[in-house]
1. Using only the Cα atoms of segment 223-264, build the gyration tensor, take square roots of its eigenvalues as a ≥ b ≥ c, and label the shape rounded, prolate or oblate: rounded if a/c is under 1.5, else prolate if a/b is larger than b/c, else oblate.
2. Quick check: pseudo-label points 7 Å beyond the Cα along Cα→Cβ at Lys212 and Met171, how many nm apart are they?
3. Taking amide H positions as placed 1.01 Å from N in the peptide plane, with prolines and chain starts having none, which residues 5 or more places from Ser116, or on another chain, fall under 5 Å of its amide H?
4. At 1.4 Å probe radius, can you tell me the per residue accessible area of segment 68-177 in Å²?
5. Of the DSSP beta bridges with both residues in segment 1-157, give the percent that are antiparallel, rounding to the nearest 5.
6. Under a GNM of the chain (C-alpha, springs under 10 Å), which listed residue has the highest mean-square fluctuation: Val75, Val33, Val144?
7. Ordered by residue, what ³J(HN,Hα) values in Hz, to whole numbers, does segment 218-233 give under the Karplus form 6.51 cos²θ - 1.76 cosθ + 1.60, where θ = phi - 60° and Gly and Pro are x?
8. Determine the shape class of segment 56-163: with a ≥ b ≥ c the square roots of the Cα gyration tensor eigenvalues, call it rounded for a/c under 1.5, and otherwise prolate if a/b is greater than b/c, oblate otherwise.
Amino acid sequence: MAPVRTEPGAARSGGRTRLAGLDFDGLTEAQTVGHIIGASLRDEGGWVATPNVDICRQARQDPSLRHLVGTASLVVPDGMPLVWAARLRGHPLPERVAGGSLIFSLSEAAARQGLSIYLLGGAPGVPQRAGEELSRRYPGLRVVGADSPSLGFDTDPAAIEGVRDRVAAAMPDIVYVGLGFPKQERLIASLVPSCPRAWFIGCGAAIPYAAKTLPRPPRWMRRTGLAWLFRLLSEPRRLFRRYLVQDLPFALTLLASAAASRFR
């Protein structure tokens, strides 16, 4: 992908747009990266939520999940239907800002600024491979840790404490957490107090993308809102119900509601 130009300390000048009960920051990907890098250079931490249609659907149904996403320092839309809905409402979001893209653009910027990253999540060996691939792609990038917690670790307080201790000991500037929603967001909320100067990115499938163990949708599909179709064709058994039975009706309702509110 082409380099994303960033300015450390980029302001959150786009305001916020409310969709599906969540408040989204009106930032481009470059502005998001700039905000994180600028804050990191000032030793100011935080975390980024990247809701897509599926996350919005779950947050709409569960107030506790809606509150959890609302505690993020930045909330950016990982899905073209969200961008389209915001435009229909008359409060546009500038572009899709996906975790699967941030892991590249933010790592590139981190390499330029001498910042370190930590990769958390994925099958055994995948975060380590992602670290190797990112280091090769962005010379000078410091990978200070890679961890693949065991299945069910999030229900074991001792296992969560072990993850927390490993992350805190590594002292990373940026932590990519790819465990799926809402597991990754709940873990981030528990890690933030122990690493107040780090930035945590809830990034879903981004770590396997970086490791090249999961194919990433082509650029044209990401831009036209068809990334979901690529993933459905790649993993039909796992994603059929989520995408076609649950998320598609929600997305259509969201778009219709946004259009109706604009005309009202």
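1. On the way: a/c = 6.89, a/b = 2.15, b/c = 3.21.
Note, shape of segment 223-264 comes out oblate.
2. 3.3 nm
3. Distant-sequence amide H within range of Ser116: Asp173, Ile174.
4. Values: 4360 Å² over 110 residues.
Accessible area per residue: 40 Å².
5. Expressed as a percentage, antiparallel bridges in segment 1-157 total about 35.
6. Val144
7. Karplus-based 3J(HN,Hα) across segment 218-233 equals x, 4, 5, 6, 5, 6, 9, x, 10, 4, 4, 5, 4, 5, 4, 5 Hz.
8. The shape class here is oblate.
The values are calculated or read from the model by the stated rules, or taken from the named source; none is laboratory data. These figures come from a predicted structure and were not determined experimentally. Cβ sites come from the backbone with ideal geometry, for glycine too, and all protein chains shown count toward neighbours. Note: accessible area is taken over every heavy atom of the protein model, side chains too, but ligands, DNA and RNA are not part of it. Shrake-Rupley method; radii C 1.70, N 1.55, O 1.52, S 1.80 Å.
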